[in-house]
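Chemist: What follows is a single structure, and I will ask about it in a moment.
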Amino acid sequence: ESRERLSVCSKLCYAVGGAPYQITGCALGFFLQIYLLDVAQVDAFYASIILFAGRVWDAITDPMVGFFISKTSWTRFGRLMPWIMFSTPFAIISYFLIWFVPDVSRGQVMWYLVFYCAFQTLVTCFHVPYSALTMFISREQSERDSATAYRMTVEVLGTVLGTAIQGQIVGKVDTPCIESPFFFGMTNSSVAMEELNMTHDTESLTDTRNAYMIAAGVIGGLYVLCALILLLGVTEKRESSELQSDEPVSFFQGLKLVMNHGAYIKLIAGFLFTSLAFMLLEGNFALFCTYTLGFRNEFQNILLAIMLSATLTIPFWQWFLTHFGKKTAVYMGISSAIPFLIVVVVLDSNLIVTYVVAVAAGISVAAAFLLPWSMLPDVIDDFKLQHPSSHGHEAIFFSFYVFFTKFTAGVSLGISTLSLDFAGYQTRGCSQPDQVHTTLKMLVSAVPVGLILLSLLLFKLYPIDEEKRRKNKKALQDLR
């Protein structure tokens, strides 16, 4: 046990490696939809296709990368580290090009689709091996839990950085909006929008586009820095069971075993609906703040309040799950978001109330960040006890968890953007029709609340409580 202990420096270097995925993911999650609609001026229908196809492709690449990792031979750098090393430079290039508006009248949709999918593939080549690395930094359960808490703190801090960098740089530039054509008594809205576009000050829009590229450059620099700290500060340890045999792992046999493991299926089913709820909130919150609440110049600060609150609350949830158990932390942490999601749409628009709700909602966001990654290693330990002769499937567990959450999130974001199109969303409009306000309220409140309640019911079926965890820990020590 003493040999498996990790130094604080090792835990910090490991934790820093989780920041790139969250920094870029947060920037894309909160800002890509409003960027495509109001800055790149992509039609809402095509924007929904880009978001949906990108998320679905992102989901598909997770098990693909998991498969290739399971076939990767051990090198002097490890089995997982080379994936992180070689994917980083290409990921940064594709990320920057997502936030670039090409000077082409045709092919703009294809541009964003190609580079969005390319980036999602490359960041998956970083994040799947990084997630699986949890099982290879230590075999001691408490050390892995501690390292996961460090990681989640840094990852939530990464979301703060992503929100702050993107929001503050972009927020300093006023994105021009266009008054509704109905105010001008024009019956043909497309003609009205075209005439208004021709007379509108395009210089301000150019400044906004430049601000997005500056933010992308800063985030790309942080991506490189965090990857270097991870590669130089963490040693990937080979499992003792794997040292006994170097026979190649059968991916599909392992996949069949993993998908038949009841505890894993129940865990991902519960977090599937939880992540759906928070993805819907994340994808539509910027539009909700801008149009429904009327805080066009404040939404980036409201997002920052949520993420700062979440960062400061991660240590509390780590303490809570240590003393009261992970299942109790799930019930308390996830359900705490419900009253605040209701309050934000029921009460009249008020900036102070919105900030209070944002800080309170951050507490629940912290739990949603920490708990899945803290509970997955427990499921893998349970699997190892039931299948002691089968090893090397860690990447499958992590990649398919991410696959299911990303796939459903892609479907939900595509549908939500499409529903805004059907509701009559006006690109770059200073105001929106009542149907759009109603749709946004449903997408950030009613639907997430329903999904959270469903996830809490599913967690009742999850079999690994604290007593089961202690028994598994002792059995694994005896087995070794």
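The values are calculated or read from the model by the stated rules, or taken from the named source; none is laboratory data. Owing to the predicted nature of the structure, the values given are computational and were not obtained by experimental measurement. In this analysis, Cβ positions are derived from the backbone assuming ideal geometry, glycine residues included, and neighbour counts consider all displayed protein chains. What goes into the accessible areas is simple: the full protein's heavy atoms, side chains included, and nothing from ligands, DNA or RNA. Shrake-Rupley method; radii C 1.70, N 1.55, O 1.52, S 1.80 Å.
Chemist: Please give, to one decimal in nm, the separation of the simple spin-label points placed at S142 and N350, each 7 Å out from Cα toward the Cβ.
Modeler: Each label point is offset 7 Å from its Cα along the Cβ direction, giving 4.7 nm.
Chemist: Something else about it: Can you give me the solvent accessible area of E466 with a 1.4 Å probe, rounded to the nearest 10 Å²?
Modeler: Roll a 1.4 Å probe over it and E466 shows about 50 Å².
Chemist: Keeping every protein chain present and rolling a 1.4 Å probe, give me the accessible area per residue for the chain in Å².
Modeler: 41 Å²
Chemist: May I pose another question? With the full set of protein chains in place, find how many percent of the accessible area of region 69-149 is carbon and sulfur; take the probe as 1.4 Å.
Modeler: Carbon and sulfur: 68 percent of the exposed surface of region 69-149.
Chemist: If you find the alpha carbon centre of region 355-431 and of region 90-165, how far apart are they in angstrom?
Modeler: That distance is 13 Å.
Chemist: Moving on. First compute the accessible area of region 267-369 with a 1.4 Å probe, then give the percent of it belonging to carbon and sulfur atoms.
Modeler: About 75 percent, which is the carbon plus sulfur part of the accessible surface.
Chemist: Provide the per-residue ³J(HN,Hα) series for region 23-33, in order, calculated from phi with Karplus coefficients 6.51, -1.76, 1.60 and θ = phi - 60°, each as a whole number of Hz, with x at glycine and proline positions.
Modeler: 4, 5, x, 5, 4, 5, x, 7, 10, 5, 4
Chemist: Calculate the spin-label point distance for V411 paired with K460, positioning each point 7 Å from the Cα along the beta-carbon direction, and give it in nanometres.
Modeler: 2.4 nm
Chemist: When the expected Rg is taken as 2.2 N^0.38 Å, what fraction or multiple of it is the alpha-carbon Rg of region 363-480?
Modeler: For region 363-480, the normalised Cα radius of gyration is 1.53.
Chemist: Among the listed pairs K326/K471; K237/K266; K237/K460; K266/K471; K406/K441; K326/K473, give every one whose C-alpha distance is greater than 27 Å.
Modeler: Going by Cα-Cα distance, K237/K266; K237/K460 fall outside the 27 Å limit.
Chemist: Each label point is 7 Å from the Cα along the Cα-to-Cβ direction; what then is the distance between the points at Q253 and R76, in nm?
Modeler: Simple spin-label model gives 3.2 nm for this pair.
Chemist: Provide Rg and Dmax in Å for the chain, with only Cα atoms included in the calculation.
Modeler: Rg then Dmax for the chain, in Å: 22.8, 80.
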